[in-house]
Amino acid sequence: MTSGKKKRMSMLDSLAASGGPSPAPQTGAATPMMTSNRALRSARDAVDSHHVWELDPSSIVDDRLADRLDPADVMDLRDAIEANGQTVPILVRRHPSEADRYLLVYGRRRLEAIRRSDKVTKVRALVANLDDDSALRAQISENMARRDLSFIEKAIFAQELVSSGFGNQSQVAEILTVTKSSVSMAIAIADMVGAGLVRAIGAAHGIGRPRWEAMGRAIADNGLDRDGLIHIAEEAHDKADVAMVIDEATTTDDPSVQAFEAVSKAVAKAVKPAKASSASLASSVPLKIGGKRSGIVKRTSKGVAIELANSDFANWVEVEAHDFIEELHERWQQRSED
């Protein structure tokens with residue numbers, strides 16, 4: 001197994017309760033990740049006597065909202081569970097209308113890995129008494145305790161939570177531990193990029209809001225073909241998979257990041273801005289102070305410059321410029337958040 005695969009396996013099934021497999025039922029066994037926050041503490045307290053059950057994987061239904069965009073690469077995880085056992089139980093709750101059936105709260109990849117195994121026939125699970133809201137909060141908290149969601153994962157998840165009627169943007173912001181303005185902006189970016197393209201690209205950890213927003217605006221403003229971009233993202237994933245098979249990938253190779261870069265390049269190539277003359281790249285606006293022209297505001301390809309006529313006021317501005325710009329920046333931030 002390559003080091004890259006080992007790293008992904010660790011991400012898929014973080015062994016927060018490390019200590020080796022223990023197939024026998026355990027009592028009073030609470031993992032560190034289950035005590036990390038209020039949602040997980042509530043889930044822990046709802047578990048029936050903290051008993052680890054051995055359940056038939058086919059008795060567990062997974063109808064949750066997807067909060068992860070990484071492909072379900074569970075084969076390495078299946079091999080690890082077959083070799084070492086399932087260290088961390090999944091969490092389920094009883095089905096409200098079907099006897100001996102359960103709804104998955106978290107542990108999707110562990111469940112899928114065991115479903116694909118010919119050697120492991122039972123999945124180790126904790127059974128909790130949780131309503132829909134508490135189950136969703138526990139799902140999010142457990143995932144974020146193991147690995148923080150990327151920007152676009154949060155954006156898509158927030159979009160789905162709002163559209164599914166879970167709550168308004170303020171309530172979703174509380175769940176994801178971000179501001180309401182962040183949720184609003186993230187949903188807008190997800191809309192511009194398109195859910196299909198986002199899922200084709202993947203989580204793209206390390207790619208933040210500015211780059212997703214720039215790409216989304218370019219796609220939306222220029223009416224680019226998202227189906228074609230989805231094909232480019234899928235090709236990037238295929239190339240990454242081939243490289244992994246022949247062991248050319250390194251531990252820093254993230255297929256979703258490669259897919260984002262490929263799509264970003266295609267978008268940049270498709271958007272061909274008209275060649276601007278040197279005159280159009282620069283502009284200037286007269287600056288009046290006290291009704292008199294006292295300087296100019298110049299915009300160039302490099303930025304913005306303010307020129308003031310030589311005066312006592314100009315001397316004062318020179319001294320106070322740093323604090324003045326800081327104040328303007330704070331006012332701009334407040335306006336952006338409103």
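Every read-out reported here was derived from the displayed coordinates using simple, explicitly stated rules and does not represent laboratory data. Predicted, not measured: the structure shown is a model, and the values here were computed from it. Please note: Cβ atoms are built from the backbone with ideal geometry, for glycine as well, and neighbour counts cover all protein chains shown.
Couple of notes before you dig in:
- Extension gain (nm, one decimal) between VAL271 and SER311, 0.36 nm per residue minus Cα-Cα: 9.8 nm
- Distance from the Cα centroid of the range 158-182 to that of the range 286-338 is 38 Å (rounded to whole angstrom).
- Percent of Cα pairs exceeding the 17 Å cut-off, where the set is the range 149-223: 38
- Take the Cβ atoms of VAL178 and ASN84, set R0 to 56 Å, and the FRET efficiency comes out at 0.95.
- Under the Karplus curve 6.51 cos²θ - 1.76 cosθ + 1.60, θ = phi - 60°, whole-Hz ³J(HN,Hα) for the range 192-200, x wherever Gly or Pro sits: 5, 6, x, 4, x, 5, 4, 5, 5
- In terms of packing, defined here as the mean over residues of other Cβ atoms within 10 angstrom, the peptides 102-108, 322-328 line up highest first as 102-108, 322-328.
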